[in-house]
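J.: First the structure, then my questions, so here it is.
The values are calculated or read from the model by the stated rules, or taken from the named source; none is laboratory data. From a predicted model like this one, the values you see are computed outputs, not experimental measurements. Here the Cβ is made from the backbone with ideal geometry for all residues, glycine too, and neighbour counts use every protein chain on show. These accessible areas exclude ligands, DNA and RNA; they are computed on the full protein's heavy atoms, side chains included. Shrake-Rupley method; radii C 1.70, N 1.55, O 1.52, S 1.80 Å.
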Amino acid sequence: MNVYVAHARILHKEPPKVEGRSGLMILKVGRDKPETEALIQSVNQVIVRIPPYLTARAERMEVDSYVEVFGHIGGIVRRSPVDGKQHLGSEIVVSNLQPAVAVDDGPDMEQRLFNRWISIGLMRGVRTPSRENLPATAYVQIGRDRADKGRGFQHSGVVPMLAYGKQIERMGVFPEGASIHLEGRVTGLLRRVPKPGAEGGFESVLDAGLIIERSYPTALVAQRLFEPEQPRGGNKEAEKKAAAE
């Protein structure tokens, strides 16, 4: 299971730069938070990827309008061009979206906006915080294991999830390979990173951060987690072969 759902307000839309590729949308999922000068700040904004088959529908939706979103979570790996190190992150991929109507547009309207995720997967490891008040990071496989192809950007079946408070202790209970059911919310991680070639200048990068709020052991996980990565068209070829047999 790998599900994401949100009631949100559209803050920004970025159409595909190339025809047939995905676009982006920034959603507001809560009240504004005061900005700080921290290099990493949590915001109630979530960036989502809009697949090509939803491009036309997204174009018809106005900025500042409300939307109901359904989708799933995916892992992404970025490789630093400086030192070659890999950095694991997550993305929200939209599978359906439709206009929503505010039936009570009162002063606490934005407080009622929400976004939730549910994932069932296999524990791959936990990185404990180096000091108090920092989160632990659980690495959970929720998709097919993918081979490292040495690219600057590629997808992954493993996603990082942040645990705070009692959930840090909970993550330490699950051994590697354990099947777990996780639920939580998505927060925006606004990172200030140095601009290339501009000493002293910064630019903002918005990433998706998965916050664990509930965790349970579970008995079942999807079969695909144990299957090797399929080449493009591999699933269709296997289905044809099975049908012929």
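J.: Please report, as a whole percent, how much of the solvent-accessible surface of the chain comes from carbon and sulfur atoms (probe radius 1.4 Å).
T.: That fraction is 52 percent.
J.: Among THR36, THR218, THR128, whose mean-square fluctuation peaks in a Gaussian network model of the chain (Cα, cutoff 10 Å)?
T.: THR36
J.: Still on this structure: Pick out, in residue order, every one of the GluC sites (Glu not before Pro) in the stretch 59-155 that is DSSP loop and has at most 13 other C-beta atoms within 10 Å; say none if there are none.
T.: GLU62, GLU132
J.: Return the calculated 222 nm mean residue ellipticity for the chain, to the nearest 500 deg cm²/dmol, obtained by summing -39500 (n - 2.57) across DSSP H runs with n ≥ 4 and dividing by the residue count. Walk me through the numbers before you get to the answer.
T.: Details: 4 runs with 29 residues, N = 245.
Dividing the helical sum by the residues of the chain leaves -3000 deg cm²/dmol.
J.: Follow-up question, since we're still on this one. Measuring from the lowest to the highest alpha carbon on each principal axis, how far does the stretch 60-130 reach, largest first, in angstroms?
T.: 49, 28, 24
J.: Report the equivalent ellipsoid semi-axes for the stretch 1-149 in whole Å, largest first, defined as the square roots of five times the eigenvalues of the gyration tensor built from alpha carbon atoms.
T.: Working: eigenvalues 157, 92, 53 Å².
Value: 28, 21, 16 Å, ordered largest first.
J.: What residue among PHE226, VAL46, GLY121 has its Cα farthest toward the positive end of the dipole of the chain, where the charges are +1 on Lys, Arg and -1 on Asp, Glu, each on the Cβ?
T.: PHE226
J.: Can you grab the distance from the C-alpha centre of the stretch 140-184 to the C-alpha centre of the stretch 1-47, Å, no decimals?
T.: 21
J.: Given DSSP loops and a limit of at most 13 other Cβ atoms within 10 Å, what is the longest stretch of the chain that contains no such trypsin sites (Lys or Arg not before Pro)?
T.: 152-231
J.: Which whole-number value in Å² is the accessible area per residue of the chain, probe 1.4 Å?
T.: Computed with neighbouring chains in place, this is 61 Å² per residue.
J.: Springs between alpha-carbon atoms under 10 Å, Gaussian network over the chain: tell me which of SER22, SER90, SER130 tops the mean-square fluctuations.
T.: Greatest mean-square fluctuation among the candidates belongs to SER130.
J.: Heavy atoms only, 1.4 Å probe, whole protein assembly: order PHE114, PHE153 by accessible area, highest first.
T.: Per-residue accessible area, sorted high to low, gives PHE153, PHE114.
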